[in-house]
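Notes for the one structure printed next.
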Amino acid sequence: MSRPAIFLDRDGVLVKEVFYPETGEWEGPLRPEDVRLADGAAAALRTFSSNGYATVLISNQGGYAKGKTTLRSLWLAHERFLELLAAEDARLDRVFYSYSHPQGIVPHFSGPSLDRKPGPYNVLIAAAQLDLDLSRSWMIGDRQTDLACAEAIGVRAVLVESSRHGQVMCRPSIIDAVRSICDNHSVRLAEVQS
Ligand SMILES: [Mg+2]
């Protein structure tokens with residue numbers, strides 16, 4: 001039987017963004033040693049998994065395309081991310097990255113692409129692979145691109161941090177996002193305590 005999913009953005013939701021003086025921007029970690037889990041990230045994944053949700057990461061990683069890091073470094077950062085989750089007994093059912101960027105400078109990774117959010121391409125791939133019920137699924141993100149991706153296919157969304165957008169719930173952190181989704185479905189919240 002189809003099961004619901006939680007589609008999760010990574011940077012700013014499950015992983016803390018990093019300030020890089022060389023770019024003057026807060027962004028996703030460009031190196032493995034910069035990866036830090038967001039507060040409550042592992043507990044959130046454990047809670048979703050134990051309540052029957054598939055957990056699917058859908059993340060844009062344009063740092064290589066923009067010339068900020070190597071593809072190898074982005075992959076090692078991904079592996080570090082999974083290690084940190086595993087150390088807290090948390091896991092994801094699927095992981096999808098888009099490494100392209102529309103304004104990139106690296107050949108083969110620059111320009112329009114199918115798999116980059118806000119396009120729902122990877123959500124639909126995940127739904128096919130895991131037999132997901134999108135009508136009972138949620139997206140958790142921190143940017144308009146995450147919301148637009150959810151809206152494109154009618155998946156409900158929770159925006160963490162302070163932005164506001166239509167009927168989307170806005171919550172200050174992944175911990176509060178978990179509470180909101182679980183409250184909606186009357187499921188167990190014992191694991192998610194701030
Ligand atoms: Mg993000």
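The values are calculated or read from the model by the stated rules, or taken from the named source; none is laboratory data. What you see is a predicted model; the values in this text were computed from it and never measured. Positions of Cβ are generated from backbone atoms using ideal geometry, with glycine treated the same way; all protein chains shown enter the neighbour counts.
Data table
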quantity	calculated
Residue match in the range 153-162 (condition: away from the ligand (no atom under 16 Å from the Cβ), at pLDDT below 95 and either acidic (Asp, Glu) or farther than 26 Å from Asn51 by Cβ (or both))	no
Some residue of the range 36-43 being assigned to a helix (DSSP H, G or I) and within 16 Å of the ligand (Cβ to nearest atom)	yes
One residue from Asp9, Asp39, Asp34 being charged (D, E, K, R), surrounded by 16 or more Cβ atoms within 10 Å (Cβ to Cβ) and under 25 Å from Cys149 (Cα atoms)	Asp9
Criterion (hydrophobic (A, V, I, L, M, F, W, C), touching a strand residue (DSSP E or B) at 6+ places or on another chain (Cβ under 6 Å) and within 24 Å of Thr23 (Cα to Cα)) met by exactly one of Ala65, Ala77, Ala54, Ala126	Ala65
Residue tally, condition surrounded by fewer than 16 Cβ atoms within 10 Å (Cβ to Cβ) and within 28 Å of Asp131 (Cβ to Cβ), over the range 12-31	0
Which listed residue, of Pro29, Pro102, Pro107, Pro120, is within 16 Å of the ligand (Cβ to nearest atom) and at pLDDT 95 or above	Pro29
Any pair with Cβ under 6 angstrom, 6 or more apart, that starts in the range 53-70 at a residue that is touching a residue at least 12 places away in the same chain (Cβ under 8 Å) and ends at one that is within 16 Å of the ligand (Cβ to nearest atom) and among the aromatic types (Phe, Trp, Tyr)	Val56/Phe7; Ile58/Phe7; Ile58/Phe96; Ser59/Tyr97; Gln61/Tyr97; Gln61/Tyr99; Tyr64/Tyr99
Residue within the range 27-35 that is assigned to a strand (DSSP E or B) and aliphatic (A, V, I, L, M) present	no
Residue in the range 49-65 that is within 15 Å of the ligand (Cβ to nearest atom), of a type in the set (S, T, N, Q) and closer than 17 Å to Met139 by Cβ present	yes
Positions within the range 7-26 being away from the ligand (no atom under 15 Å from the Cβ) and outside any loop (DSSP other than H, G, I, E, B), in sequence order	Tyr20
Breaking point among (1) farther than 27 Å from Ser135 by Cα; (2) surrounded by fewer than 21 Cβ atoms within 10 Å (Cβ to Cβ), for Gly52	(1)
